[in-house]
1. What longest range of the chain stays clear of loop-exposed trypsin sites (Lys or Arg not before Pro) (DSSP non-H/G/I/E/B, at most 12 other C-beta within 10 angstrom)?
2. In nanometres, what is the gap between the two model label sites at Lys64 and Asn111, each 7 Å from Cα along Cα-to-Cβ?
3. Using the Karplus curve 6.51 cos²θ - 1.76 cosθ + 1.60 with θ = phi - 60°, what ³J(HN,Hα) values do you get for each residue of region 34-41, in whole Hz, with x for Gly and Pro?
4. At a threshold of 8 angstrom on Cα-Cα distance, excluding pairs fewer than six apart, so keeping six or more, what relative contact order does the chain reach in percent?
5. Take the Cα pairs of region 66-113, get the Kirkwood Rh, then feed it into Stokes-Einstein at 10 °C and 1.306 mPa s and tell me D in µm²/s.
Amino acid sequence: QVQLAESGGGLVQAGGSLRLSCAASGSIFSVNAMGWYRQAPGKQRELVARIPTGGTINYADSVKGRFTISRDNAKNTVYLQMNNLKPEDTAVYYCNADITRLLLTTARVYNYWGQGTQVTVSS
């Protein structure tokens, strides 16, 4: 089994900062792309940022210049540094990862979600 454990959410005033972390653990051969999504009440889940093992990092237009995604491959961990937070950033933030697992002699890629962490930005 594979688990994604998120931490770092909380309550912050507008203009403040938070740093989210997500560590993947379990039966992992390799971790491929990792990312953060969010879902506000009454809205669909949306991409915030996604970082591949190599290549271009993607950000939602609404967070460009304020949020930074990074990863520590040795720790199978992805981070989201959120600066200049706005009330509209309030949502449950979910970690997502594409993880390769070895089943006998076959390598397969599975997509996993974390449980989510609440971020609340007060005005």
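Just so you know, all these numbers are worked out from the coordinates, no wet-lab data involved. Quick caveat, the model's predicted, so the values are computed rather than measured. Note: ideal-geometry Cβ built from the backbone for every residue, glycine included; neighbour counts use all protein chains shown.
1. 65-123
2. Taking the two extended label points, one gets 2.4 nm.
3. These are the phi-based 3J(HN,Hα) values: 10, x, 10, 10, 9, 9, 8, x Hz.
4. It rounds to 35 percent for the chain.
5. Estimated diffusion coefficient is 119 µm²/s.
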